[in-house]
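Take a look at the structure below.
Bear in mind that the values in this text are calculations on the coordinates, not laboratory data. Values in this document were obtained by computation on a predicted structure and should not be read as measured data. With ideal geometry, Cβ positions are generated from the backbone for all residues, glycine too; neighbour counts draw on all protein chains shown.
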Amino acid sequence: MSPVTRSRVFGMLCFTIGGACLIIGICWLVPNLRLAATGTAVEGRITGFREIVQSRRNHVAIHPVAAYEVEGKVYQAETPAHTDPPRFKTGDPVKILVPPGDPAGGKFAGFVDLWLGPLVLTVLGLVLSGVGWWGWNHRVGGASRAVC
């Protein structure tokens, strides 16, 4: 395989993976942006933790669970983010964002809970797409070719 072909294959691979990360990151980010813009912030309290055993690594992921009240009814929210050791203790206050018309759909309002995953995927997608674009259009060993 010639250096130009290798550069193009590398570029195409990076651009494809980067594009997929970018699309997934944006699709994950948009609902969270909508929730942050239109949701109502309520205070909740950590009521406990859900433990999920990850068998491949023989590790337990600890997900905090919070109770919050909307119009006199109590609901629960669980964060998808887990830390070891847990970043909350039972009874800690937390901010919950509740979407309009769906009081049971509350989400933790922390940076890690709403923004970290989508932002990491979006930035990774942008970087990989940029590297892929460069790899596709890069001149290898002085080979000249027109940039499309």
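Points to keep in mind about this one:
- The loop-placed trypsin sites (Lys or Arg not before Pro) in segment 1-91, going by DSSP, that have at most 13 neighbouring Cβ atoms within 10 Å of their Cβ come out as Arg56, Arg57, Lys89.
- Among Val60, Val120, Val30: highest mean-square fluctuation, GNM of the chain, C-alpha pairs under 10 Å: Val60
- Acute angle (nearest 10 degrees) that the helix 117-137 long axis makes with the longest principal axis of the chain, alpha-carbon atoms: 0
- With a cut-off of 16 Å on the backbone N, the residues of segment 20-37 near the modelled label site 7 Å out from Lys95 along Cα-Cβ are 32-37.
- Taking 0.36 nm per residue of separation and subtracting the Cα-Cα distance, full extension of the segment from Asp102 to Lys73 would add 9.2 nm.
- Rounded to 10°, Cα long-axis angle of helix 3-38 versus longest principal axis of the chain: 20
- Candidates Ala66, Ala81, Ala37: whichever shows maximal mean-square fluctuation once the chain is modelled as a Gaussian network with Cα springs under 10 Å: Ala37
- Treating r as the C-beta distance of Met12 and Leu33 and R0 as 35 Å, the FRET efficiency rounds to 0.70.
- In the elastic network of the chain, a GNM with C-alpha springs shorter than 10 Å, the most mobile of Gly39, Gly101, Gly11 is Gly101.
- Annotation for Ile62 and Val112: the two label points, set 7 Å from Cα along the Cα-Cβ direction, are 1.1 nm apart.
- By other beta-carbon atoms within 10 Å, ranking Thr122, Thr79, Thr38 with the fewest at the front produces Thr38, Thr122, Thr79.
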